[in-house]
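The values are calculated or read from the model by the stated rules, or taken from the named source; none is laboratory data. Values in this document were obtained by computation on a predicted structure and should not be read as measured data. All Cβ positions, glycine included, derive from the backbone under ideal geometry; neighbour counts span all protein chains shown. SASA here: full protein model, heavy atoms, side chains in, ligands and nucleic acids out. Shrake-Rupley method; radii C 1.70, N 1.55, O 1.52, S 1.80 Å.
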Amino acid sequence: MRDLWPVLCVAAVLAALAVFGPFVAPNSPIAIDIPNRLAPPGGQYPLGTDAMGRCILSRLLYGARWSLGLAFLVSTIGLLAGSLVGLLAAMGGRTADWGVMRVTDIFLAFPDLVAAVVIAGVLGAGTGSLIFALTVTGWMRYARVARGIGLGLETRGHVVQARLAGLSAPAIARWHYLPALVPSLTVVWTGMLARAILGISALGFLGFGVQPPTSEWGTMLLDARVHIRSTPLQMIWPGMAVVLSVLAINIAGDMLRDALTEKEAPA
Amino acid sequence: MLKVDRLTVHRGGRAVLQDISLTLQPGRTLAVLGESGAGKSTLVAAVLGLLRPERGSVTWNGAPIARGGSALVMQEPRAAFNPRLSLRRSVLEPLRAKGLPDDPKRIARLCDGLELDPACLDRRPYQVSVGQAQRLGVLRALLAAPPLILFDEPLSALDAMTQKHTARLISALQREEGFAALIVTHDLGYAAAHADTVAVLRAGVIEEAAEATAFFGAPQSAYGQRLVGAAVSLGALERRAAA
Amino acid sequence: MKQITELLLRAAVVLSGTAIVTFTLLWHAPGDPALTIAVARYDSVVSADIVDQIRAEAGLDAGFWTAFTHWVAPLLSGDLGNSSVSGRPIWPELRTAILLTLPLAFIGLGIGLAVSIPLAALAVRHPGGWVDRGAVALASLGAAMPAYWLALLLILCFAVKLLWLPATGAGTARHLILPSLTLGLGVAASLTRILRSALLEARGAPFLPALARRGVGPRERALSHVAPHAAIPVLTVLGLELAFLLEGAVMIEVIFARPGLGGFLIHAIQARDFPKVQAVVMLTALVFVAVNLATDLLYRLVDPRIGARDA
């Protein structure tokens, strides 16, 4: 556990960015300042302005709330739904398992980002359909991991004992399955969090995600793309924000996995 | 009274148990003897109701055994406990599942009978010895006072000294509590010392069933004779090594 | 044999499920599809009569299942239907789009393999050495890099600043360089990571020193013992890479304004041309199911234990 402090630091920094970002932003993210459009970094606008003269730094900081906050929401809903489905498959007997796993296969029969693009695009742009699209395409990995571990637990001594004692299925799930699932599902969750950040910004970049004037990193890239010749720096910042958060979360996830497998080993 | 009536269990399209019939009175001990692969574990699972038999029935006083109406002491003592819960939680599980209150007095008495330090209960499975874990397994099995307790090779994970000690403690508690004990084992010495009746299981079929004294005195089936003969010659070797 | 039947049954279930899920989604999509078609077709205000006429013609006034069978029955004989906007058959247009995407995907995969195999092989020669660390760092960076941002960076560098290559469009080989480079670098990142750990694991296998003592040479050890061991993860990866290639192609084609499969899909969604969307979805699902089926069968060839465990 002592090796987990970098993980906690990353989590704290990203959470702080999403929660406190707006409070440290120098300007309003939607205030238009036409005379100062496409301004270079410096002065009132530390990272310059976009085509409508809006402060890029402020838009980045406000955008963190959407990009990171929505990713957190989406991956957490997926975690709950997916582990429930996986437990159902593992504990519900052979027929339930077959049915549940085929449904999972249907959702896996398609690259998740493309599926999310189709769903969000068809349902129409907006935050609601964005959340729906990314959740519907993001629960399968949890389900598979939960089922895999769950099936392995079925013949474990303590699970057999719990069934013999007459413990109810929800109680067995709560006390004998869930604790065994937590470490692996946490690791999957970090991976899905990173994927959700990429997915949100990709949908935003395609115009299917969070709608203007709300700032979100992907839509900021979409805005910046047109001005790649005149002000290329404008597209560097949101891209860096995405890459750095995803990189940080992935590294934190790797460390978490190493720490958890190490802890599990002697038991 | 436990009655196993013409029980047949298939696994992977093959009969693992065939026409098994057994009876066991309250307070008595039945030892099912057999080599590994004879179908002993399948018999345990079928009696506990963990798998559905192809034919036949398992009843207690004429009715199917309800959940919580029987208990099992497993071969691997530590694996029988959830590594993420305290032993107390695991031991109390049968009571809680039935909605019964904790019974500290009974726990204290049983701990005393099993020569267990009650402080063990606040540890985790990997923080107690295998012998302690097995006695905790017996404690859990006994706690809700089921009329029938199954023991699946209860001593094989323990060292020789602990084996004798644990076997004696179980017998003493059985006299006190009056449960019926079905012991599945390949350990003939254990069966000879503690069983009232014996059934010999081989390749899914009962070869011979008899009173323990009769069986160990003069086994009737050819396989029973081989088993007892082998145990006697092994015993002779042990004595020579000791001398 | 029984296993193969089960695998085929699964594939059929998945494809039918995909069809139902897709059709349900599009059926419940917001907006009146008939009105959308009318607006797309006539590009102006249309009378209610024309909208009703379109509704009847497209089978939209019938119930869900009637409409569903209307779509699925021709699909089973390989007919993808007609565009609801132009009324023309979908397949010729879709085929053109696929033929633009295939070279991109293959060159991307080729670049990915050409970069990742030597990189992973060099990395595992000295695990923990500077080459290894560099490879891991590159792979991590690649995994965090969205394809569209990498594309923009490459455009900025090679098209805007250096003026070496065209930024957008399709047609010539020069147009293919930047898109396939973007795709290939992404593939390389994920392949390097997986190949590296597969090779490390295979190299650490306990039977290798024993083989060496028995006088089995390093070449034979690598070819007949390490390679089959590393084959399973590689098979899995190739299945996964397919998803990555398609995903990447969608985003990359939008950025480089290539009218390939990705562009086809995005335009169909934006025009609310649902028959086209359905066609792309079903085709992709078919390819995926086929590849998964092939991997499952190959697994059983490489590792007989897998089939035994399932049975």
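Rounded to the nearest 100 Å², what's the accessible area chains A and C bury against each other, both chains counted, probe 1.4 Å? List each step's numbers first, then the result.
On the way: alone 13920 and 17780 Å², together 27920 Å².
Heavy-atom accessible area buried at this interface is about 3800 Å².
Given the peptides B:183-193, C:182-192, arrange them by the average over their residues of other C-beta atoms within 10 Å, most packed first. Intermediate values should be presented prior to the final figure.
On the way: B:183-193: 19.9, C:182-192: 24.9.
Answer by packing, highest mean first, reads C:182-192, B:183-193.
Find how much the distance from residue B:168 to residue B:3 grows on full extension, using 0.36 nm per residue of separation minus their present alpha carbon separation; answer in nm with one decimal.
Numbers: separation 165, 0.36 × 165 = 59.40 nm, distance 2.63 nm.
Length gained, residue B:168 through residue B:3: 56.8 nm.
Could you do me a favour and compute the accessible area per residue for chain C, 1.4 Å probe, result in Å²? Could the numbers behind the result be given before it?
Details: 15900 Å² over 311 residues.
On a per-residue basis, chain C sits at 51 Å².
At a cut-off of 10 Å², which residues of the range C:1-20 become less accessible once all protein chains are present than in their chain alone, using a 1.4 Å probe?
C:6, C:9, C:10, C:13, C:14, C:17, C:18
If you take each beta carbon of peptide C:268-275 and count the beta carbons of other chains within 10 angstrom, what is the mean?
Details: counts 3, 8, 4, 0, 3, 0, 1, 0.
Neighbouring Cβ atoms belonging to other protein chains average 2 per residue here.
Using only the Cα atoms of chain C, construct the convex hull and provide its projected area averaged over every direction, in square nanometres to one decimal.
Working: hull surface 85.8 nm².
Reported value for the Cα convex hull: 21.4 nm².
If R₀ is 41 angstrom, what is the calculated FRET efficiency for the pair residue B:106 and residue B:129, using the beta carbon separation as r and rounding to 0.05? Before the final figure, lay out each step's value.
Working: r = 24 Å, r/R0 = 0.57.
Efficiency for this residue pair is about 0.95.
Please give the net charge around residue B:53, taking every other residue with its beta carbon less than 12 angstrom from that of residue B:53, where Lys and Arg add +1 and Asp and Glu add -1. Walk me through the numbers before you get to the answer.
Working: positive: B:6, B:11, B:52, B:55; negative: B:5, B:19, B:54.
Within the 12 Å Cβ shell, the charges total +1.
5 Å is the cut-off here: which amide hydrogens, built 1.01 Å from N in the peptide plane, fall below it relative to residue B:31, excluding neighbours closer than 5 in sequence?
The answer is B:183, B:196, B:197, B:198, B:199.
Roll a 1.4 Å probe over the protein chains and send me the accessible area per residue for chain A in Å².
Details: 11170 Å² over 267 residues.
About 42 Å² of surface per residue is accessible.
Where the accessible area of chain B is counted over protein heavy atoms with a 1.4 Å probe, how much of it, in %, is carbon and sulfur?
Numbers: 5900 of 11510 Å².
Percent of accessible area from carbon and sulfur atoms in chain B: 51.
Using only atoms on other chains, find how many Cβ atoms lie within 10 Å of each Cβ of peptide B:74-82 and report the average.
Working: counts 4, 1, 2, 1, 3, 5, 6, 3, 11.
The shielding value for this peptide is 4.
Could you compute Rg(Cα) / (2.2 N^0.38 Å) for the range B:44-153, with N its residue count?
Values: Rg = 14.6 Å, N = 110, 2.2 N^0.38 = 13.1 Å.
After normalising by residue count via 2.2 N^0.38 Å, the value is 1.11.
Once every DSSP H run of n ≥ 4 in chain A is given -39500 (n - 2.57) and the sum is divided by its residues, what mean residue ellipticity at 222 nm do you get, rounded to the nearest 500 deg cm²/dmol?
Working: 11 runs with 191 residues, N = 267.
Here the helix-only value at 222 nm equals -24000 deg cm²/dmol.
Calculate the length of the line joining the C-alpha centroid of the range A:94-147 to that of the range B:128-186, in whole Å.
50
How would the protein assembly as shown be classified by its alpha-carbon gyration tensor: rounded, prolate or oblate, with rounded meaning a/c under 1.5 and the a/b versus b/c comparison settling the rest? Before the final figure, lay out the partial values.
Values: a/c = 2.25, a/b = 2.03, b/c = 1.11.
Judged from the Cα gyration tensor, the protein assembly as shown comes out prolate (a/c at least 1.5, a/b above b/c).
Just the number please: accessible area per residue for the range B:2-242, 1.4 Å probe, all protein chains included, in Å².
Numbers: 11330 Å² over 241 residues.
Solvent-accessible surface per residue comes out at 47 Å².
In whole percent, and with a 1.4 Å probe on the protein chains, what portion of the accessible area of the range A:33-84 is carbon and sulfur?
Numbers: 1620 of 2220 Å².
Result for the range A:33-84: 73 percent of the exposed heavy-atom area is carbon or sulfur.
What is the mean number of Cβ atoms from other protein chains located within 10 Å of the Cβ atom of each residue in peptide B:90-98, rounded to a whole number? Intermediate results must be reported in sequence, preceding the final value.
On the way: counts 6, 0, 1, 11, 6, 1, 5, 9, 3.
Rounded to a whole number, the mean comes out at 5.
Give a residue-ordered list of calculated ³J(HN,Hα) values for the range A:20-28 (Karplus: 6.51 cos²θ - 1.76 cosθ + 1.60, θ = phi - 60°; whole Hz; x for Gly, Pro).
Karplus values, whole Hz, x for Gly and Pro: 9, x, x, 6, 9, 5, x, 10, 6.
Distance in nm between label sites at residue B:177 and residue A:227, each 7 Å beyond Cα in the beta-carbon direction?
According to this spin-label approximation, the distance is 7.9 nm.
If we count every other residue with Cβ under 15 angstrom of residue C:113's Cβ, Lys/Arg +1 and Asp/Glu -1, where does the sum land? Mind dumping the intermediate values first?
On the way: positive: C:193, C:196; negative: C:241.
Once all neighbours under 15 Å are counted, the net charge is +1.
Starting from 0.36 nm per residue, how many nanometres of slack lie between residue C:165 and residue C:57 once their C-alpha separation is accounted for?
Values: separation 108, 0.36 × 108 = 38.88 nm, distance 4.74 nm.
Residue separation times 0.36 nm, minus the Cα-Cα distance, leaves 34.1 nm.
Against the longest alpha carbon principal axis of chain A, how many degrees, from 0 to 90 and to the nearest 10, is the axis of helix A:93-108 turned?
Computed tilt is about 20 degrees.
Just add up the charged neighbours of residue C:257: K/R +1, D/E -1, any other residue whose Cβ is under 15 Å from the Cβ of residue C:257. Before the final figure, lay out each step's value.
Working: positive: A:225, C:174, C:258; negative: C:253.
Once positives and negatives cancel, what remains is +2.
Name the residues whose placed amide hydrogens come within less than 5 Å of the amide hydrogen of residue B:16, ignoring near sequence neighbours (fewer than 5 apart) on the same chain.
Here the answer is B:9, B:10, B:11, since their amide H atoms fall under 5 Å of that of residue B:16.
Does the range B:2-242 come out rounded, prolate or oblate, given a ≥ b ≥ c as the square roots of the eigenvalues of its C-alpha gyration tensor, rounded meaning a/c under 1.5 and, failing that, prolate meaning a/b above b/c? Numbers along the way, then the final one.
On the way: a/c = 1.84, a/b = 1.27, b/c = 1.45.
Oblate, because a/c is 1.5 or more while a/b does not exceed b/c.
Provide the buried accessible surface between chains B and A in square angstrom, both chains summed, 1.4 Å probe, rounded to the nearest 100.
Values: alone 12350 and 13920 Å², together 24580 Å².
Chains B and A together bury roughly 1700 Å² of accessible area.
Out of A:41, A:51, A:13, whose Cα points farthest toward the positive end of the dipole of chain A (charges: +1 Lys, Arg; -1 Asp, Glu; placed on Cβ)?
A:13
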